[in-house]
Amino acid sequence: MGADEVPLDDKAKRMRDLLSSFYSPDPSMSNSGNAFSKHALDDINSTSFDPDQYMNILVYKSNLEGLLQRHVEMAAEIKNLDTDLQMLVYENYNKFISATDTIKRMKSNISGMESNMEQLLEKIMSVQSRSDSVNSSLFDKREHIEKLHRTCNLLRKVQFIYDLPDRLGKCIKSEAYADAVRFYTGAMPIFKAYGDSSFEDCKQASEEAITLIIKNLQGKLFSDLESIQVRAEAAVLLKQLDFPVNNLKAKLFEKLEQSITGIQLNPEEINNASGDHSSHEASIHEFVEAVRAFRVIFPDSEEQLVKLAQDLVTKNFVITDAYVKTRIFPEDLRGVLRVIWNDVLLIDEVLQEADLSNHSLEAAKVVVMSYVRSAFSHLLQDISASLLQVLKKDGGEQHSLEVVLDASSKAVLQGGMNVLLDFRKILDDDSGILVRLRELILDWVQEELQDFFKQLEDQFLLFSGRNNSAIQAHSLAEGAQSDKAFAGLVLVLSQLSAFIEQTVIPKITEEIAASFSGGSVRGYESGPVFVPGEICRKFRSAGEKFLHLYINMRTQRVSLLLKKRFTTPNWVKHKEPREVHMFVDLFLQELEVIFKEVKQILPQGRRKHHRTDSNGSSVSSRSNPLRDEKLGRSNTQRARSQLLETHLAKLFKQKVEIFTKVEYTQESVVTTVVKLCLKSLQEFVRLQTFNRSGFQQIQLDIQFLRIPLREVVEDEAAIDFLLDEVIVATAERCLDPIPLEPPILDKLIQAKLAKTKEQNTIS
């Protein structure tokens, strides 16, 4: 329908047209813009609107209901337009009333202004006439005064020229050479104009004074007693006097190079108790002023000055690199680097071309890397020193293994945590140079920590080897006592390796994750820097090696005792046994030493394989050939019966596991040593030939060993089996294997026990 084709903002457009027609003097102009844009015949707002044609079109397009609807709409629009027009009229009427009131007030205010302006003009004209009369009357006097003033200025200049030699002399006495040069350069234009006529004497006297000044300035320039700033000022003054200072450039630069020696860093003074490094600050400020003056005097000296500044910073970092290799605190390194960085910033202000910031950054990388390596190196030395206390005597006795292990454990754990704490203080520093190195420091700490544990493992392996010169020197000097201490060191290394794997590495890993995460400057393709799993595997393997090495060392020592026991006597001619042999006491003493050592270091374990009568162990089977009812047989039949029953027992006895995995417990280590010693004893027996007395002596010694060995071992069944094996091996190598009767055997053992108890009471 027609109403539906009207745009949504049609009312707004009509309102704008009405306002335009209301304020426009030519109503035709208000719709000129729309005449070209609206050509619809049914546009009621158009100037070319035809009512008849509009009605024909509306009747043609709409039905009765549509016509009625359109009638209602048009009636509403007419009403709205009347209302809007009425409001516009009211608003404009108020504006017109307000404007009329304003105009009336302006007329009343301006009514007396014309007369006031006329009076003001008269007064201005009067003032101007009087000013002209005053100027005309004072003109001659003013001209005279200005002439006198010019004459006075000229006389002052002439007086200055005549007084110049005296002024220069006073400046020479007071060494105020800057004022002298300023006075002379100010008088130079007059000397050039009138120096050959009116002021010839003054010029000559002034030149003589200036010659002396130039000589004095040259002396200051090349004097070692003068500061760099004074020399630079002297050079500037000479240049102002047109002295050829370019010829002195080489000498001046040489002096500037020599002055660097006094500017070089002294870390000890910077980090002393007072913390006063004002002398260094004064020296660097003096150097900066000298560089600034040098650039003014010699503009083409930039390349030389850049090299000189870089050399100064490089030497300071070289000194710092040597300083950090000693034992210093992180605050010391931070203080030195802060001073160097401040020096760099000061020099950069006058010599930006040197790019000292990036130059010092490269040098700082070397210094900080050296500090990280030195910290771990000192930690390694502390751990080594605590371990080597085992080999040192304090008041005639070695340090106990427990004390050494405790000191070494603290050195590794607490020392490692302290080193990481020092590195964290370095990372927390807000100085520019350390902030720029933060990511690299994170990588360096993790990388050097990984290398530290590798070096620590190598150090442990070195301590455990006989090729170590320090330990070998102790061994040669101290003999058996040193061998004992060396075995204790190996045992400490074993337990310390286990402590590192189980305690140190987890805590170090937690600290790394908490305070040293990030970094990875070298890229993820290179893999992680710190790998705790690899370190744990290495120290687990090293601990097991050291434990086996300790067992082998102790076993070899006891084996030498056993070898001496079985190779010295003639067993074929051995006498009837009357007591337990002395070697048993020596053997038990060695075991006691071993037990005391492991008791200090290793925890107590649990005992296993306790002997019972029904476990089918080899003891019952081994005792069958020795039963009382066999004693009545002949010697030959008895020996054959023993061997036959022994071999039959091996077929039916319960299998006993002899060598098991060694654990970090007292009983496990002692049991393993005893097993190896008994196997060595069995092998030594097989190399000998025994008579009846020799066999009985071995029987007596082995039987006596059963009780004390059961008290210190964890696997009684295996020990009983090995003891029986020794007796069987002796019987196999015996010409007449007749054992001692049980009453005699018990009597001899009881006598030995009573004797041992008596000796212990006396001691």
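The values are calculated or read from the model by the stated rules, or taken from the named source; none is laboratory data. Since we're looking at a predicted model, the values are computed, not measured. Every residue, glycine as well, gets a Cβ built from its backbone with ideal geometry; the counts of neighbours run over all protein chains shown. SASA here: full protein model, heavy atoms, side chains in, ligands and nucleic acids out. Shrake-Rupley method; radii C 1.70, N 1.55, O 1.52, S 1.80 Å.
Annotations for the structure displayed:
- Reachable aspartates and glutamates from residue 454, criterion Cα separation under 14 angstrom, eight or more residues apart if same chain: 501, 534
- Assuming charge only on the beta carbon of Lys and Arg (+1) and of Asp and Glu (-1), the dipole of the stretch 132-213 about its Cα centre is about 200 debye to the nearest 20.
- Protection proxy ranking, highest mean first, for peptides 455-461, 707-713, 69-75, 486-492: 486-492, 455-461, 707-713, 69-75, where packing is the per-residue count of other beta-carbon atoms within 10 Å, averaged.
- 18 Å Cα-Cα threshold exceeded, pairs from 325/410; 170/215; 563/675; 507/545: 325/410; 507/545
- The spacing between the stretch 52-87 and the stretch 113-182, judged by their C-alpha centroids, is 91 Å.
- Shape category assigned to the stretch 665-763 from the gyration tensor of Cα positions, a/c cut at 1.5: oblate
- Packing around the peptides 147-159, 682-694, taken as the average count of other Cβ atoms within 10 Å per residue, puts them in this order, highest first: 682-694, 147-159.
- Most to least packed among 113-124, 419-430, 45-56, 315-326 [average Cβ atoms within 10 Å]: 315-326, 419-430, 45-56, 113-124
- The heavy atoms of residue 440 offer some 40 square angstrom of accessible surface to a 1.4 angstrom probe.
- Amide proton proximity set for residue 734, modelled H, under 5 Å, gap of 5+: 690
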